[in-house]
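Asks: Can you read through this structure? Questions will come right after.
Bear in mind that the values in this text are calculations on the coordinates, not laboratory data. Predicted model, so just to flag it, every value in this text is computed and none were measured. Note that we place each Cβ from the backbone using ideal geometry, even for glycine, and neighbour counts take in every protein chain shown.
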Amino acid sequence: MAKTPVVTGVCAVLVAALAASCGARGSAGVEGSSQVAATSAVARGGASTAPSDVPPVEVVTPRATAREAQMGALERPAALRRFFEALALLESGQGHDDVRVVQFGDSHTAADYETSAVRRALQTRFGDGGRGFVAVGQPWKKYVQDGVRTGMTREWQPERGKLVHGKFVGDGCYGLGGVCLLASKRGARAWLEASAVASQIEIAFMEQPAGGSFEVFVDGNRLARVPTNGAHTASAWKSFTVPEAAHKIEIRAGGDGDVRVFGATLDRAQVGVVYDAIGINGARASIALHYNEAHMAEQLKHRAPGLVVLAYGTNESVDDASAQTYERQLVDVLGRVARAVPLASCLLLGPPDRAVETETGWTTSPRMAEIIAVQRRVAEAAGCAFYDQMEAMGGEGAMAAWTTEDPPRAAKDRVHLTRDGYTSVGTTFANDLLRAYAAFRAEKGLTPAARVAGAHKD
């Protein structure tokens, strides 16, 4: 059963600011807004604590139907209205651009097992708009993405910043994926080979003073030399039209200066859904607070997602930070997302179960309930949907139970799932999304409409 969040602390400030700026009465501005924390004190660039001049606001929860309140483990699906409207346009044949989903997360997202199940389900229903954003080369040793193989020579070096004596060191400009590749030596090679078909390939890179050049090869054919020298440091992109097929893409540094490459987007001419899995092993949601905000905004605006998913919490469950600190960080991250793409819907994807060993056996980590409660509360205040993955798994104790199955759906570390486990949770998530979308169509009085096969982008 869905829980009614208690809106306090940082979230109370968020609700107050949203209601005031949107001209809303009660919580209507929160319920109807996909702008997340865009107008909160944090989103306006202020501190993460309540300003003294913000008056208390009575939060009135409007009466909602069962469909609006929860759909399976999906809570507050009404917050996905804009995302569902875009899907409806695709299904009616009136959509002329892809509906893009960008999911940021930790190792659960980085593995792409769960996200690939969601990707397949949505693309089967609404059309395959392309494989989306993936890394070129290896941002880390065992980079895994569904249908993608990558590699690079040792002259390329991954860069994502690091903590030194408790302080973050780095310029925070690492692209959409949060990890970039650097090279300056002539002939340094980085590549990706995808089984998914693409007709448009876009390389994302950094333009910077004294930047070097790189060459782009597709299926062994040299397509272009791309200079990265620019008057100012800024995100840049270069697109290539190629035959609709699976391709191998290779980038070679020119040796005439530093080159920074963020990754590649594989697109198709036909419209459909594109689902990007942007995960980093060991990441927390707060990682985004170490990024250069202007750079992060450039990347997100260019990607233009219809839905942004934040899938964190597992690693935070072993941190010493208080719930209040975690809540503040989460609000700040949502503020950055909202300032970059204010029209995108948002969803917090709660962590799967995590088990710890006790004297009586394996049991759910006590911190998981606290992490999930904070996420649910922030999602409510920010006008985002929330998905309870632990509930989707069966609730507390699910991780321990899944390890005893044959075959097991949980890994031996009781932190991660097996491929079967991720596929199971991803399928459940996709089904709950589609059920909520069906309820949206019914409430809007939209008659069933078959998607126009092969519709092309403008």
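Asks: Report, ordered by chain and residue number, the lysines lying within cross-link reach of K301, taken as a straight Cα distance under 24 Å and ignoring same-chain residues fewer than 8 apart.
Replies: Cross-link targets: K238, K457.
Asks: Also, quick follow-up: Amide H to amide H, which residues 5 or more places from R260 or on other chains are under 5 Å from it, using H placed in the peptide plane?
Replies: M206
Asks: If you don't mind, another one. Work out the FRET efficiency for A210 and V318 from their Cβ-Cβ distance, taking R0 = 45 Å, and round it to the nearest 0.05. It would help to have the intermediate numbers written out before the result.
Replies: Details: r = 42 Å, r/R0 = 0.94.
The pair A210/V318 has a calculated efficiency of 0.60.
Asks: Still on this model: Relative contact order for region 130-269: what is it in percent, counting Cα pairs under 8 Å that are at least 6 residues apart?
Replies: After rounding, I find 34 percent.
Asks: So for each of 413-421, 232-240 I average, over its residues, the number of other beta carbons within 10 Å; can you give me the resulting order with the highest mean first?
Replies: 413-421, 232-240
Asks: Extension gain T427-V197, at 0.36 nm per residue separation less the Cα-Cα distance, in nm?
Replies: Using 0.36 nm per residue and subtracting the Cα-Cα distance, I get 80.5 nm.
Asks: From the phi angles alone, apply the Karplus equation (6.51, -1.76, 1.60; θ = phi - 60°) to region 373-388 and give each ³J(HN,Hα) in whole Hz, x where the residue is Gly or Pro.
Replies: Result, rounded to whole Hz: 4, 5, 4, 4, 5, 5, 4, 4, 5, 8, x, 9, 6, 9, 10, 8.
Asks: Rounded to the nearest Å, what's the spacing between the alpha carbon centres of region 72-129 and region 195-274? Just the number, please.
Replies: Cα centroid to Cα centroid, the span is 25 Å.
Asks: Going down the list K142/K162; K162/K185; K141/K248; K141/K162; K162/K248, which pairs span over 21 Å between their C-alpha atoms? Mind showing how you got there, number by number?
Replies: On the way: K142/K162 19 Å; K162/K185 24 Å; K141/K248 19 Å; K141/K162 17 Å; K162/K248 31 Å.
Over 21 Å apart, Cα to Cα: K162/K185; K162/K248.
Asks: Can you list residues from other chains, or at least 5 along the same chain, whose modelled amide H is less than 5 Å from the amide H of G279?
Replies: Result for G279 returns G105, A110.
Asks: Please turn the phi angles of region 138-144 into ³J(HN,Hα) values with the Karplus equation 6.51 cos²θ - 1.76 cosθ + 1.60 (θ = phi - 60°), one per residue in order, whole Hz, x for glycine and proline.
Replies: 10, x, 8, 4, 10, 6, 10
Asks: Something else now. Through the Karplus equation 6.51 cos²θ - 1.76 cosθ + 1.60, θ set to phi - 60°, convert the phi angles of region 155-163 into ³J(HN,Hα) values in whole Hz; use x for Gly and Pro.
Replies: For region 155-163, the Karplus-derived couplings read 5, 7, 10, x, 9, 9, x, 7, 8 Hz, x marking Gly and Pro.
Asks: Work out how much length L89 to N221 would gain on full extension: take 0.36 nm times their residue separation and subtract the Cα-Cα distance, in nm to one decimal. Intermediate values should be presented prior to the final figure.
Replies: Working: separation 132, 0.36 × 132 = 47.52 nm, distance 3.76 nm.
Here the answer is 43.8 nm.
Asks: What distance in nm separates the two pseudo spin-label positions at T241 and R419, each 7 Å out from Cα along the beta-carbon direction?
Replies: Calculated label separation equals 3.7 nm.
Asks: Say each of T358 and D171 gets a label point 7 Å from the Cα, pointing the same way as Cα to Cβ; how far apart are those two points in nm?
Replies: 5.0
Asks: Using 0.36 nm per residue, how much length does the chain from L182 to K248 gain when fully extended, once their Cα-Cα distance is taken away?
Replies: Value of the extension gain: 21.7 nm.
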